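The structure under discussion appears below in the form of structure tokens.
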Amino acid sequence: MDVTKAVTNGDLNKTVDVDVQGEMLDLKTTVTQMVARLSTLVSEVTHVLLEVETEGIIGGQASVPDVQGV
């Protein structure tokens, strides 16, 4: 619950740190992966925005492994 609240508030640095098994382990793994991908996406978007802002490069693309879309 703490991790999802942190993500809601823009904090992508928290991780799920509980010892669980079964479906809860699947949920823990999924939330951890989701937060990691969101963090990577935010970093890439920030990088592209900085390129546009500082260098005027338009058309840059973010590269996020295992994430689809344009």
query = Each label point is 7 Å from the Cα along the Cα-to-Cβ direction; what then is the distance between the points at THR29 and HIS47, in nm?
reply = 2.7 nm
inquiry  = Run the paramagnetic zone check for LYS14: 7 angstrom along Cα to Cβ, then residues of the stretch 39-55 with backbone nitrogen under 20 Å.
reply    = 39-43
Exposure ranking of ASP19, ASP26, ASP66, ASP11 by accessible area [1.4 Å probe, largest first] = ASP19, ASP66, ASP26, ASP11
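The values are calculated or read from the model by the stated rules, or taken from the named source; none is laboratory data. Quick caveat: nothing in here was measured; it's all calculated off a predicted structure. In this analysis, Cβ positions are derived from the backbone assuming ideal geometry, glycine residues included, and neighbour counts consider all displayed protein chains. Note: areas computed on protein heavy atoms with side chains; ligands, DNA, RNA excluded. Shrake-Rupley method; radii C 1.70, N 1.55, O 1.52, S 1.80 Å.
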